[in-house]
Structures are given as structure tokens and as C-alpha cells.
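Novice: The following block contains the structure, expressed as C-alpha cells.
The values are calculated or read from the model by the stated rules, or taken from the named source; none is laboratory data. From a predicted model like this one, the values you see are computed outputs, not experimental measurements. With ideal geometry, Cβ positions are generated from the backbone for all residues, glycine too; neighbour counts draw on all protein chains shown. Accessible surface is based on the protein model in full, side chains and every heavy atom, while ligands, DNA and RNA are left aside. Shrake-Rupley method; radii C 1.70, N 1.55, O 1.52, S 1.80 Å.
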Amino acid sequence: MRENAQVCTAQRLFATNMRRLRTDRGLTQEKVAEAAGLHPNYISSVERGERNISICNIERIAIALGVSMSELVAAV
């Protein structure tokens, strides 16, 4: 991540929810990446909160996890 880069609250929330939902389903980052048509390194950087991802990729990840897009950004 860039030095002194600020990560917004929504980005951190998305990263936390994504990791929780993925691990709850027993999926690896590689399996999610494959199902979403994304690179495993991309999935990893999203889970670390390093990426401000597009709405299209949020949809792809939600489908890969079998959840709604709103579950990825919901405060728990």
C-alpha cells in the first residue's frame, strides 16, 4: 500500500466483510478469484483494504461468494 495512503471506512468495511464471508464459506482467495474471474493477487489486496474497487468487481465478488452486494458493505 502507498505510504500515508488513506483508506476510507467503507473500503475497510468491505475488506473485513469479504474476508469474513469468504472464510465462513471455507473458500480460499484463489477459489474466489477463479469464480469471480479475477487474479488472486487482486483478491488479496482487496481483503487488505488496499484497493478501491469498481462496482463491477464488487458484483463479481458478491456472486463468487453467493451473497448480495449489500452484504459486502453492511455494518455488522
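Novice: Can you give me the number of residues within region 39-66 that are under 16 Å from Val7 (Cα atoms) and among the charged types (D, E, K, R)?
Specialist: 4
Novice: Moving on to the next point. Residue check, Val73 against (1) at pLDDT 95 or above; (2) of a type in the set (A, V, I, L, M, F, W, C); (3) within 10 Å of the chain's Cα centre (by Cα), all met but one. Which one?
Specialist: Result: Val73 passes all but (1).
Novice: Let me ask you something else. Can you pull out the residues in region 52-62 that are surrounded by fewer than 14 Cβ atoms within 10 Å (Cβ to Cβ) and not in a helix (DSSP H, G or I)?
Specialist: Asn52, Ser54
Novice: State all residues of region 23-33 that are out of contact with any Pro (no Cβ under 8 Å at 6 or more places or on another chain) and over 14 Å from Ile58 (Cα atoms); if no residue qualifies, say none.
Specialist: Within region 23-33, Thr23, Asp24, Arg25, Gly26, Leu27, Thr28, Lys31 qualify.
For (1) loosely packed, with under 12 Cβ neighbours inside 10 Å; (2) in a helix (DSSP H, G or I), each residue gets a yes or a no:
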{"position": "Asn17", "(1), (2)": "no, yes"}
{"position": "Arg22", "(1), (2)": "no, yes"}
{"position": "Val32", "(1), (2)": "no, yes"}
{"position": "Leu38", "(1), (2)": "no, no"}
{"position": "Asn41", "(1), (2)": "yes, yes"}
{"position": "Ser44", "(1), (2)": "no, yes"}
{"position": "Glu50", "(1), (2)": "no, no"}
{"position": "Ala64", "(1), (2)": "no, yes"}
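Novice: So which pairs qualify, if the first residue must be in region 6-30 and more than 15 Å from Ser68 (Cα to Cα), the second must be of a type in the set (Ser, Thr, Tyr) and open to solvent by less than 100 Å² (accessible area, probe 1.4 Å), the Cβ gap must be under 9 Å, and the two must be at least 6 apart or on different chains?
Specialist: As it stands, the answer is Gln29/Ser44, since those pairs meet every condition given.
Novice: List every residue pair whose Cβ atoms lie under 8 Å apart, where the two residues are 6 or more positions apart in sequence or sit on different chains, the first residue falls within region 53-76 and is within 13 Å of Arg19 (Cα to Cα) and acidic (Asp, Glu), and the second residue, located anywhere, is at pLDDT below 95 and open to solvent by less than 20 Å² (accessible area, probe 1.4 Å).
Specialist: none
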